[in-house]
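Engineer: Pasting a structure below so you can have a look.
The values are calculated or read from the model by the stated rules, or taken from the named source; none is laboratory data. From a predicted model like this one, the values you see are computed outputs, not experimental measurements. Positions of Cβ are backbone-derived with ideal geometry, glycine not excepted, and every protein chain shown enters the neighbour counts.
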Amino acid sequence: MASKYEHLIEEISKMSVMDLAQFVKDLQERFGVTAVAAVAAPAEGAAAAPAAAEKNEFKVTLKESGAETIKVIKALRTVTTLSLGDAKKAVESAPFVVAEAAPKEDAQKIKKALEEAGAKVELS
């Protein structure tokens, strides 16, 4: 049986990470809520995930803008949906989280674009 939200889920699955991040921000603003991940303690006796497991999602943080602030602002705008004013504020107030849970490939692209503009970026 198909969910009544199947069409919506299909459309969301077609979105890029950056579009999805902006979509979430827009929903938060529209409804006056914030998305806070629930943290649950593991069930008693549950095994911890193997430490050697490869990480799939990365937090991309702009640590420093460097000497070429304007280039970094332009680069930030190419990898996000931030307006010029928001990108400028983000660069000037570094450290700034560019992406919270970006897939490895997207995180590396974001990092490369910002570093080429002269910024210092951290993946965690």
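Engineer: Within region 81-91, how many residues turn out to be buried (at least 19 other Cβ atoms within 10 Å of the Cβ) and under 20 Å from S16 (Cα atoms)? Talk me through it step by step, then tell me what you get.
Structural biologist: First, the residues of region 81-91 that are buried (at least 19 other Cβ atoms within 10 Å of the Cβ): 82, 87, 90-91.
Still in the running and under 20 Å from S16 (Cα atoms): 82, 87.
Matching residues across region 81-91 total 2.
Engineer: Write out, first by first residue and then by second, each pair whose Cβ atoms fall under 7 Å of each other, whose residues are 6+ apart or on separate chains, and whose first residue, in region 85-102, is closer than 19 Å to F58 by Cα while the second is surrounded by 21 or more Cβ atoms within 10 Å (Cβ to Cβ) and of a type in the set (G, A, S).
Structural biologist: Close Cβ pairs (under 7 Å, with a partner that is surrounded by 21 or more Cβ atoms within 10 Å (Cβ to Cβ) and of a type in the set (G, A, S)) amount to A94/S65; F96/A90; A99/A107.
Engineer: Listed residues E115, E105; which is out of contact with any Cys (no Cβ under 8 Å at 6 or more places or on another chain), among the acidic types (D, E) and closer than 14 Å to K63 by Cα?
Structural biologist: E115
Engineer: A further question on this structure: Report, by residue number, each residue of region 66-124 that is at positive phi and part of a helix (DSSP H, G or I). If you could, list the steps in order and put the result at the bottom.
Structural biologist: At the first step, the residues of region 66-124 found to be at positive phi are 66, 118.
Listed by number, the list is empty, since nothing qualifies.
Engineer: Moving on. Quick one: in region 49-73, of everything that is at pLDDT 85 or above and of a type in the set (K, R), which residue is nearest to K109 (Cα to Cα)?
Structural biologist: Among residues in region 49-73 that are at pLDDT 85 or above and of a type in the set (K, R), the one nearest to K109 (Cα to Cα) is K59.
Engineer: To continue, here is another question. Looking only at region 39-46, decide whether some residue is modelled with pLDDT under 85, closer than 25 Å to D106 by Cβ, outside any helix (DSSP H, G or I) and out of contact with any helix residue (DSSP H, G or I) (no Cβ under 6 Å at 6 or more places or on another chain). Break it down stepwise before answering.
Structural biologist: Our first condition is that a residue be modelled with pLDDT under 85; within region 39-46, this holds for 39-46.
The next check asks that each one be closer than 25 Å to D106 by Cβ; those that pass are 39.
Checking the rest, the ones that are also outside any helix (DSSP H, G or I) come to 39.
Remaining after also requiring out of contact with any helix residue (DSSP H, G or I) (no Cβ under 6 Å at 6 or more places or on another chain): 39.
Scanning region 39-46 turns up at least one residue that is modelled with pLDDT under 85, closer than 25 Å to D106 by Cβ, outside any helix (DSSP H, G or I) and out of contact with any helix residue (DSSP H, G or I) (no Cβ under 6 Å at 6 or more places or on another chain).
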